[in-house]
Amino acid sequence: MKLSTQLTAAFTLSTLCYSSAFTNHVGTLASHNVWIAGRISTPPHRAKLFASSSQHESKGEDEAQRLGSSETLTEQNALSSEDSEEESFEIKSSQVQVQDAGEEMATKSLPPTTSTQELKRSSLDRLRGSKVLSVKTNEMIELSNFLKSGTEKSMLILGTYAADFNAIEYVQRLRFYLPELIKRGVNKIGLVLNCDTQAATKLVEILDLKTDATSDDAVIELFVDPTGEAGRAFGVGRGWKPDDDEMSPYLKLFGMLWGLGAWATLPAVIGGYIGNPFYAQPWIEDALAVGQRKGRWPDNALELDDESGQVKVNKFKELPYVGGWERRPLELATLRLQNMVDISIKNWKELAPSQEALKAGVLTQLGGAVVIDCETEKELFRWRDPGICAVANFEDILKEISANDKE
């Protein structure tokens, strides 16, 4: 059998296993109140579709990341009259219409908003008074002051609970893009996880991310907010039926997997399978390599150097026809399988949310990120996850920072 045929068969099988494991695990959670299903992310793409035959498959993923959350879109529209750098959106009849080149018009209905004044609130204003616990010092840190205290630019990631795939992928992306962020002047970075200090420390150690709690020379400061209060102040999505205290949080989560209260979930998940020929996401290979070095399964996607542990061969690049794509099909899906099996499930007891956190709605709460210029307090980037698996694209973060530096 040819190598290309073997590779295709192997990775198709791994993806089918992932899909089956994901579905079966969610069913188990519904009956046993134990959820470890992953949240997967896809980057925000603004691309022409690569072929008419694949137009409808990739459109959903591109729109999910293009649009962001409904609240984010509404805020961007409210702010556009004051800040010419904000991306403009055409608002008509309480809907946002976005047309990427080569794509059909996509329409996403918006919920009613509270007030224009509320929409115009900056992230610093929203986070004023919000405090999180420093894992290193065990002191409470006020987040708006934290963001303003950097010497050039500051970044804050408001993650989810430690066993959640959104949190895992935020950590994996941050690990890979940290040198580029520092190069662009982002010298103060905070990572907030909705868990206790032990769970936060374990997660960053599993994923080889240096933080002030685990290393003496780290730039990233690790914080915890077990009940997710800071994220809610920032305005992150709260999922399906967040105020229904009678419904099981696991049932709410199951609904979110199908897009209820998290419309971008399915497009983001599908994107992990079909890949993208135009927009690279190099963090995926780095995260797969970390997993393989730590013995996580699947462990056959890469060939690593025995001495250095560096990647010698990425087998996805050897796939026929699609191996030359910037992001190969099944590559991200394989990483998510690795994350689910050997991080979330394997370490569930240590990483799972507490009962208090469950009551606070942490299981279905999404995350977000913000970057500001410390001198001017201008927001350079803001993102709120619009669904499970749809986290911020760090390639876009770097572009926004660079664009601001050129002004």
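A few remarks follow.
- Meets criteria (more than 14 Å from residue 367 (Cβ to Cβ), in contact with a Phe, Trp or Tyr (Cβ under 8 Å, 6 or more places away or on another chain) and at pLDDT 95 or above) for residue 188: yes
- Residue list for the range 225-275, restricted to those being more than 14 Å from residue 365 (Cβ to Cβ) and in contact with a Ser or Thr (Cβ under 7 Å, 6 or more places away or on another chain): 257, 259, 268, 271, 272, 273, 274
Conditions (1) over 19 Å from residue 185 (Cα atoms); (2) among the aliphatic types (A, V, I, L, M), marked per residue:
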{"site": "361", "(1), (2)": "yes, no"}
{"site": "379", "(1), (2)": "no, no"}
{"site": "385", "(1), (2)": "yes, no"}
{"site": "388", "(1), (2)": "yes, yes"}
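- Number of the condition not met by residue 314 [criteria: (1) surrounded by 19 or more Cβ atoms within 10 Å (Cβ to Cβ); (2) within 19 Å of residue 275 (Cβ to Cβ); (3) among the polar types (S, T, N, Q)]: (1)
- Filtered residues of the range 326-356 (kept if surrounded by fewer than 18 Cβ atoms within 10 Å (Cβ to Cβ) and in contact with a Pro (Cβ under 8 Å, 6 or more places away or on another chain)): 326, 354, 356
Rundown of residues vs (1) at pLDDT below 95; (2) touching a Lys or Arg at 6+ places or on another chain (Cβ under 7 Å); (3) more than 22 Å from residue 231 (Cβ to Cβ), yes/no style:
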position	(1), (2), (3)
79	yes, yes, no
87	yes, no, yes
147	no, no, no
156	no, no, no
165	yes, yes, no
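- Qualifying helices (runs of 4 or more DSSP H) (wholly inside the range 219-325; at least 2 residues being more than 25 Å from residue 192 (Cα to Cα) and either of a type outside the set (A, V, I, L, M, F, W, C) or touching a residue at least 24 places away in the same chain (Cβ under 8 Å) (or both)): 249-257, 265-274, 283-293
- Residue count for the range 326-353, restricted to those that are small (Gly, Ala, Ser) and part of a helix (DSSP H, G or I): 2
- Applying the condition of being basic (Lys, Arg) and not in a strand (DSSP E or B) to the range 357-407 and asking which residue is surrounded by the most Cβ atoms within 10 Å (Cβ to Cβ) yields 378.
- The residue that is nearest to residue 233 (Cα to Cα), among those in the range 149-180 that are assigned to a loop (DSSP other than H, G, I, E, B) and open to solvent by 10 Å² or more (accessible area, probe 1.4 Å), is 149.
- Condition met for residue 189 (free of Cβ contacts under 8 Å to residues at least 40 places away in the same chain and touching a helix residue (DSSP H, G or I) at 6+ places or on another chain (Cβ under 8 Å)): yes
Conditions (1) surrounded by fewer than 18 Cβ atoms within 10 Å (Cβ to Cβ); (2) within 26 Å of residue 233 (Cα to Cα); (3) not aromatic (Phe, Trp, Tyr), marked per residue:
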| position | (1), (2), (3) |
| --- | --- |
| 182 | yes, no, yes |
| 187 | yes, yes, yes |
| 196 | no, yes, yes |
| 205 | yes, no, yes |
| 211 | no, yes, yes |
| 217 | yes, no, yes |
| 221 | no, yes, yes |
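- Checking residue 211 against (1) in contact with an Asp or Glu (Cβ under 6 Å, 6 or more places away or on another chain); (2) polar (S, T, N, Q); (3) under 29 Å from residue 187 (Cβ atoms), the condition it does not meet: (1)
- Criterion (open to solvent by less than 40 Å² (accessible area, probe 1.4 Å), under 20 Å from the mean Cα position of the chain (by Cα), modelled with pLDDT of 95 or more and not hydrophobic (A, V, I, L, M, F, W, C)) met by exactly one of 259, 323, 291: 291
The values are calculated or read from the model by the stated rules, or taken from the named source; none is laboratory data. Just so it is clear, the model here is predicted, and its values are computed rather than measured. Cβ atoms come from the backbone with ideal geometry, glycine included; neighbour counts cover every protein chain shown. Heavy atoms of the whole protein, side chains included, go into the accessibility calculation; ligands, DNA and RNA do not. Shrake-Rupley method; radii C 1.70, N 1.55, O 1.52, S 1.80 Å.
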